[in-house]
1. Hey, in the GNM for the chain with a 10 angstrom Cα cutoff, which one of 92, 11, 56 fluctuates hardest?
2. Name the most mobile residue of 221, 96, 17, meaning the one with the largest mean-square fluctuation, in a Gaussian network model of the chain with Cα contacts below 10 Å.
3. How far is helix 261-281 tilted off the main Cα axis of the chain, in degrees rounded to 10, range 0 to 90?
4. Helix 237-258 versus the longest principal axis of the chain: what angle, 0 to 90°, nearest 10, using Cα atoms?
5. Rounded to whole Å, give me the distance from the Cα center of the range 117-156 to that of the range 48-107.
6. Hey, what angle do you get for helix 81-94 against the long axis of the chain, alpha-carbon based, 0 to 90 degrees rounded to 10?
7. With a ≥ b ≥ c taken as the square roots of the eigenvalues of the C-alpha gyration tensor of the range 220-262, please select rounded if a/c is under 1.5 and otherwise prolate if a/b is larger than b/c or oblate if it is not?
8. Using a Gaussian network for the chain with springs between C-alpha atoms less than 10 Å apart, which of these wobbles most: 129, 233, 256?
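Read-outs: derived from the displayed coordinates by stated rules, not from any lab. Everything numeric in this text was worked out from a predicted model, so none of it was measured.
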């Protein structure tokens with residue numbers, strides 16, 4: 001089952017004194033490109049959080065955000081009373097003013113507020129971990145839903161290529177006959193007497209150069225292999241990408257050997273379908 005690398009997950013936990021919000025967003029990337037934003041007090045847990053994300057998401061450009069909103073009963077900053085009192089005392093020596101005006105000036109001075117860094121409560125971090133797990137579950141559901149849409153699109157386009165291949169197979173005898181007739185006409189236009197046996201040998205050699213039997217068989221096998229990989233239990237966009245390279249190689253060879261306008265038109269249509277598959281594969285996990 002394939003998964004998209006595009007997804008979004010969010011989880012909110014309400015604790016007695018704070019609100020925890022976790023948001024995870026992912027886009028396509030060749031590898032895991034992880035960007036985390038979390039309050040400084042929780043930096044010591046960053047490695048643990050990154051391991052959780054990497055284990056679940058595997059690949060993609062991932063943005064992780066942890067927001068902590070404190071309730072009115074708790075605040076991380078407190079007035080540094082001795083410092084503010086000293087500022088008021090010094091300001092009163094410079095300007096005349098009531099204490100309220102001096103306090104307004106003092107509170108804006110450096111170190112007027114102090115931030116007390118509390119140790120992370122393990123019970124609280126467990127709540128954060130649970131919120132991360134919920135957000136990861138949500139983003140993976142999103143990825144699976146997007147992957148199902150991509151899978152259906154791939155199936156349709158692979159079938160389109162297979163149908164075009166069948167048209168090429170049906171057209172091939174007509175193409176070969178056309179090549180033979182053009183060669184015979186070219187020889188007759190020379191108005192030269194030719195050895196029929198030698199001509200037949202040269203004709204066979206020429207037709208072998210334009211024979212696409214092997215390419216047709218290999219292309220059919222690659223299309224079947226792509227479908228098998230698409231229906232496998234894991235999601236491997238890189239593997240599917242390698243198969244499309246082989247599909248493209250056979251299509252290109254058929255196009256270069258065809259030497260027949262009607263067949264080349266079908267090849268162009270096959271290439272168009274394959275390019276659309278390649279574009280969408282960039283987003284597959």
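1. Per the Cα network of the chain with a 10 Å cutoff, 92 tops the list.
2. The residue with the greatest mean-square fluctuation here is 96.
3. Once rounded, the angle reads 20 degrees.
4. Result, in degrees: 30.
5. 31
6. Tilt relative to the chain: about 70 degrees.
7. prolate
8. It is 233.
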